[in-house]
Structure formats: C-alpha cells, structure tokens
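A.B. asks: I am attaching a structure below and will ask some questions about it afterwards.
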Amino acid sequence: MRELKAAVVGVGRLGSLHAAKYSALAGVRLTHVVDIDGGRAERVGRVTGARALTDYRGLLGSVDLVSIATPTITHLEIAACLLGGGIDVLVEKPMTATLEEARQLAALASGSDRILQVGHLERFNPAVVRSRPFINGPKFIECHRLAPFTERGTDVDVILDLMVHDLDVILSITNAEVASVEAVGVAVLTERVDIANARLRFGDGMIANLVTSRVSQKRERKIRFFQPDAYISLDYEARSVQIYRKNPPPPGQLYPTISAESIDVEEGDPLAAEIGEFTGCARTRSRPQVGVMEGLRVVELCDQIRTAIDANAI
C-alpha cells in the first residue's frame with residue numbers, strides 16, 4: 001500500500017487535532033503543517049514530526065492530500081490553489097463564507113479529478129450513525145444547538161458557524177427541495193447574527209425548526225425526529241439515542257401506550273472517522289459521503305436562511 005503524504009493548513013485548535021489524527025493513521029505520513037503563525041506551526045511540527053511552513057503554496061508538488069482548517073473566509077483561495085495543484089482537499093465546514101464562493105469552489109472541484117470533501121463532522125458522530133436505521137420519513141424535526149460565546153468562528157454568523165451542523169444532517173435524510181424558509185436572527189456580541197431561529201418546509205411536506213445560539217449560558221446539542229411510527233431523540237453531546245414508539249391499546253383500554261427504548265451507541269472518534277474516510281477516498285478515488293455537492297447544498301440553504309433573516313429585519 002503506497003504511503004500517502006498529508007498536510008494540514010491552519011493548526012489552531014481544530015487543525016492541530018487534524019494533524020494528530022493523520023499522525024496516528026496507518027498508511028499515511030503527515031509531512032507538513034502550515035500556519036501564518038510560524039511559532040504555532042513549529043510547535044505542532046515538533047509534536048507530530050512534520051515540517052513547519054507559513055505559506056500553503058509550499059505544499060504544491062509535495063503532498064497527496066490536505067486538511068484546511070483556516071478561517072472560513074480563506075477557504076476558497078486555499079482550496080482552489082491546492083485542487084489546482086493536483087492535491088485532494090478536506091475543507092472544514094462551512095465550505096466557504098458565501099454562496100458565490102461555494103459555487104466557484106464547486107465548479108473548480110467538479111472540473112477537476114481531485115477529491116473535495118467538506119468537514120461536516122456530525123455525519124460521523126456515533127449517535128447520528130447509530131440512529132440512521134430508525135429514521136424513516138420524519139414529518140417534523142426539531143433542533144437545539146446552544147453554546148457559550150467564544151471568539152472562534154466569529155468571522156461568520158451563527159448560521160454558518162453552528163447551524164450548518166444540523167442543516168447538513170437534515171439535508172442528508174431528504175432529497176426534497178426547500179419549499180419555504182422563515183427565519184429571524186439577532187446580533188448580540190458580534191456584528192453578525194449570534195442567535196437564529198429558522199423554520200424550513202420541504203417539498204415532501206417535512207418541516208424542520210432550528211434554534212441556534214452562540215451566546216448561551218448553557219451548552220446543548222440535540223435533534224429530535226417525529227415520524228408516524230416513532231419519536232427519535234438524539235443528543236449529539238452525550239452521544240445517546242432514545243426511541244419512543246406507540247403501542248396498541250392494552251385490553252380494555254381506549255388509548256395506545258408509549259414505550260421508550262435507549263439505543264446502545266458505541267464509542268467512536270468522529271474526526272478520526274472523517275479523516276479515515278477522506279484518506280480512503282483519496283486512495284481508492286471514490287466519492288466521499290460529504291462531497292462538493294453536499295457542501296454546496298448546505299451553503300445554499302444557509303444563504304436562504306440569511307436572506308429570510310434580512311427580509312424579516314426590514
């Protein structure tokens with residue numbers, strides 16, 4: 001098996017985790033880490049044994065695949081350069097900062113023989129993976145994603161920063177087009193929207209309601225699916241799944257009963273699974289489950305939500 005040479009561009013908190021996962025992966029060698037902060041690149045390089053660079057363009061001709069974990073506003077520039085240089089790319093979510101940029105990057109990737117995977121990590125959350133067999137035609141989805149404020153991710157609004165996680169999961173269970181969007185948002189600590197609520201109606205009749213905040217006093221990451229045969233409650237953070245089912249009325253009683261079941265969820269490492277899929281696709285030239293079109297679809301929906309928020313503010 002040919003050894004793949006990997007690099008990470010942007011080795012802050014998340015990028016350094018990418019570097020660690022590549023370092024631990026069989027058949028892959030982390031050869032370079034890149035950061036405009038040379039000291040930070042050197043520190044991560046010493047830990048992983050990778051060469052430290054301050055300019056991503058130094059990777060051209062030297063590696064097979066790259067993770068991009070830089071601020072969202074830089075994704076298009078860096079990914080376009082690396083794809084054009086014949087390198088497979090895993091770009092952290094969101095794919096880009098704007099819909100126009102996402103379309104540009106999608107066109108570049110589609111016209112290339114390189115792989116572009118988008119880092120929507122919740123797809124690899126063990127609770128999400130475990131719940132898949134039970135999700136069957138939900139009529140209503142409810143999401144709550146709340147987090148205390150941090151400076152990370154504030155180069156974009158809360159829709160692109162946090163809501164994208166749930167939007168990707170929702171879009172992964174339906175091929176229906178979005179029929180209508182209602183949304184409101186408020187800027188609290190930044191100049192961009194920090195709290196948002198969106199109500200989405202899909203062409204197949206499914207409705208999703210999302211509440212997202214990055215200025216909350218508590219942390220919560222839950223999604224609930226209501227479907228004719230069951231109610232499925234998934235906690236991303238606790239990595240737990242509960243299913244509530246309706247049972248026929250007992251003899252002599254008028255109303256059905258509801259039974260609850262906790263589904264066993266195996267331990268897992270979502271980031272290791274995501275990078276494992278990326279390197280596997282790079283080796284076999286197969287399509288990742290969160291590829292360029294999936295990433296573009298999420299950014300398109302984010303843009304619809306932001307448009308609805310702007311219209312509601314007038």
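The values are calculated or read from the model by the stated rules, or taken from the named source; none is laboratory data. In this text, all values refer to a predicted model and were calculated from it rather than measured experimentally. Cβ atoms come from the backbone with ideal geometry, glycine included; neighbour counts cover every protein chain shown.
A.B. asks: I'd like to verify a number: residues in segment 245-286 that are assigned to a loop (DSSP other than H, G, I, E, B), more than 17 Å from the chain's Cα centre (by Cα) and not aliphatic (A, V, I, L, M), how many?
C.D. replies: Residues flagged as assigned to a loop (DSSP other than H, G, I, E, B), more than 17 Å from the chain's Cα centre (by Cα) and not aliphatic (A, V, I, L, M) within segment 245-286 amount to 13.
A.B. asks: Also, quick follow-up: Just for strands (runs of 3 or more DSSP E) wholly inside segment 19-74: which have at least 3 residues that are closer than 21 Å to residue 117 by Cβ?
C.D. replies: Those strands (runs of 3 or more DSSP E) span 28-34, 65-68.
A.B. asks: In the same structural domain as residue 115 (by TED's automatic domain parsing), β-branched (Val, Ile, Thr), farther than 21 Å from residue 95 by Cα and outside any strand (DSSP E or B): does that describe residue 11?
C.D. replies: Considered against the rule, which asks whether it is in the same structural domain as residue 115 (by TED's automatic domain parsing), β-branched (Val, Ile, Thr), farther than 21 Å from residue 95 by Cα and outside any strand (DSSP E or B), residue 11 comes out as no.
Condition check ((1) surrounded by fewer than 18 Cβ atoms within 10 Å (Cβ to Cβ); (2) within 21 Å of the chain's Cα centre (by Cα); (3) modelled with pLDDT of 95 or more) across all residues:
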| site | (1), (2), (3) |
| --- | --- |
| 163 | no, yes, yes |
| 167 | no, yes, yes |
| 172 | no, yes, yes |
| 175 | yes, yes, no |
| 193 | no, yes, yes |
| 197 | yes, yes, yes |
| 213 | no, yes, yes |
| 220 | yes, yes, yes |
| 223 | no, yes, yes |
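A.B. asks: Then there's this: Which of the following residues is in contact with a helix residue (DSSP H, G or I) (Cβ under 8 Å, 6 or more places away or on another chain) and either of a type in the set (Asp, Glu) or under 17 Å from residue 152 (Cβ atoms) (or both): 79, 69?
C.D. replies: 69
A.B. asks: Would you please list the contacts, defined by Cβ atoms under 7 Å and residues six or more apart or on different chains, that run from a residue in segment 240-254 that is closer than 30 Å to residue 265 by Cβ to a residue that is in a loop (DSSP other than H, G, I, E, B)?
C.D. replies: 240/265; 241/265; 245/229; 246/256; 247/256; 248/256
This table checks each residue for (1) under 25 Å from residue 87 (Cα atoms); (2) in contact with a strand residue (DSSP E or B) (Cβ under 6 Å, 6 or more places away or on another chain); (3) outside the structural domain of residue 157 (by TED's automatic domain parsing); (4) surrounded by 14 or more Cβ atoms within 10 Å (Cβ to Cβ).
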site	(1), (2), (3), (4)
261	no, yes, no, no
275	yes, no, yes, yes
278	yes, yes, yes, yes
282	yes, yes, yes, yes
285	yes, no, yes, no
295	yes, yes, yes, yes
